[in-house]
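The values are calculated or read from the model by the stated rules, or taken from the named source; none is laboratory data. Since the model is a prediction, treat every value here as computed from it, not as a measurement. Cβ sites come from the backbone with ideal geometry, for glycine too, and all protein chains shown count toward neighbours.
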Amino acid sequence: MAFANTDVRSLAEKTYSRDNSFCQIGKEKIQIQIRSALAFTEAKEKRYGNLFFYYPSEKAELLPINADEFHSYRFFKGTGTLCSKSLGFTISENQMAILFLQENSPDDDNLTILLFNTQTMRPENVIETNYPTSKAQATKDGFAFGTVQTRQSIDMGKVKIKGEEFNFHDHPFTVWIKYTTQGFSVVDDLTFEKFQWKNIFKDSKDFNLAASWDKKENKFLNTMFYLAINHTLKKECVLFLAAKKKITGEEADWHCN
């Protein structure tokens, strides 16, 4: 970073605080601070910054985030036991992950993972991803997060399904991905459990069949789905497809409640 040769204390004093979080493992505690070179910013960007300091002691050090200096980040907010204002998860006996979000307007921000050694309380690695996300939770050996594909346009209209008229539109499909020391992997059962319309399906096997779950490739092949609603009948139908197409209502794979 261009800031690397700058006195860290001086840099902290010349920049502006955006947010801070305390993270603790046992008796070891660190403070992480997001700062910005800009004195003022728009309200929607008030928690974002481009400089990241941490305090393993009273002396501040720079974190290796935003190496190209082109992006801004904020904490991934949420309730947890490791950090006060940001999501943090235990990854292994000697490692924890602190989550940040890289600004990606107008879509959800992209996940960034800062890996810390819990023995030395020092950063080990930064993992930048192209996964837009806004939800995460702990798992047995790491954490999982929900991510959706970016949509360029929305398809909508009216169709008749088995003689009944429905309003339909395409809908983001949230896929849940787990991160552990082994890397990233899609979690099909959690994706089903988090699916808002899961009660339309008999069980997870029925859901996986509709969404074309490929266990070997660890991915869903049908990542586009359409939601059709008849408010009078209080009826909902879901159709999974591999790609967008003209919807007629005659498709054989509609699942309705």
Worksheet item: Only one residue in Phe168, Phe143, Phe201 is of a type outside the set (S, T, N, Q) and either within 25 Å of the chain's Cα centre (by Cα) or closer than 30 Å to Ile127 by Cα (or both). Which one?
Response: Phe143
Discussion item. Just to verify a result, which residue in the range 13-25, among those that are in contact (Cβ under 8 Å) with a residue 60 or more places away in the chain and either aromatic (Phe, Trp, Tyr) or out of contact with any strand residue (DSSP E or B) (no Cβ under 6 Å at 6 or more places or on another chain) (or both), is surrounded by the fewest Cβ atoms within 10 Å (Cβ to Cβ)?
Written reply: Phe22
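If you scan the range 11-32, which residues turn out to be in contact with a Cys (Cβ under 9 Å, 6 or more places away or on another chain) and either under 19 Å from Ile65 (Cα atoms) or among the small types (Gly, Ala, Ser) (or both)?
The answer is Ser21, Phe22, Cys23, Ile30, Gln31, Ile32.
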Discussion item. Name the single residue that is nearest to Asp141 (Cα to Cα) among those in the range 179-202 being part of a loop (DSSP other than H, G, I, E, B) and in contact (Cβ under 8 Å) with a residue 24 or more places away in the chain.
Written reply: Thr181
Discussion item. Among the residues that make up the range 203-212, is at least one of them surrounded by 15 or more Cβ atoms within 10 Å (Cβ to Cβ) and either in contact with a Lys or Arg (Cβ under 7 Å, 6 or more places away or on another chain) or in a strand (DSSP E or B) (or both)?
Written reply: yes
Discussion item. Filter the range 225-254 down to the residues that are more than 31 Å from the chain's Cα centre (by Cα) and either buried (at least 19 other Cβ atoms within 10 Å of the Cβ) or of a type in the set (S, T, N, Q) (or both) and list them by number.
Written reply: Asn230, Thr232, Thr248, Gly249
Discussion item. So the check is Cβ under 9 Å with 6+ separation or different chains; which pairs have a first residue in the range 126-151 that's more than 19 Å from Asp189 (Cβ to Cβ) and a second one that's surrounded by fewer than 15 Cβ atoms within 10 Å (Cβ to Cβ) and among the charged types (D, E, K, R)?
Written reply: Pro132/Asp107; Thr150/Asp107; Arg151/Asp107
Response to the item:
Counted residues in the range 56-98 being touching a helix residue (DSSP H, G or I) at 6+ places or on another chain (Cβ under 8 Å), free of Cβ contacts under 8 Å to residues at least 60 places away in the same chain and part of a loop (DSSP other than H, G, I, E, B) come to 3
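What number of residues within the range 133-154 are among the hydrophobic types (A, V, I, L, M, F, W, C) and assigned to a loop (DSSP other than H, G, I, E, B)? So that I can check it myself, show each step before the final result.
Step one: filter the range 133-154 for residues among the hydrophobic types (A, V, I, L, M, F, W, C), giving 136, 138, 143-145, 148, 154.
Next cut, assigned to a loop (DSSP other than H, G, I, E, B) only: 148, 154.
Residues meeting the conditions: 2.
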Item to complete: Out of Asn130, Asn125, Asn167, Asn104, report the one residue that is part of a strand (DSSP E or B), assigned by TED's automatic domain parsing to the domain that holds Ser36 and over 19 Å from Pro56 (Cα atoms).
Response: Asn130
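Scan the range 213-223 and give yes if some residue there is out of contact with any His (no Cβ under 8 Å at 6 or more places or on another chain), within 23 Å of Asp108 (Cα to Cα) and of a type in the set (A, V, I, L, M, F, W, C), otherwise no.
Yes, the conditions are met somewhere in the range 213-223.
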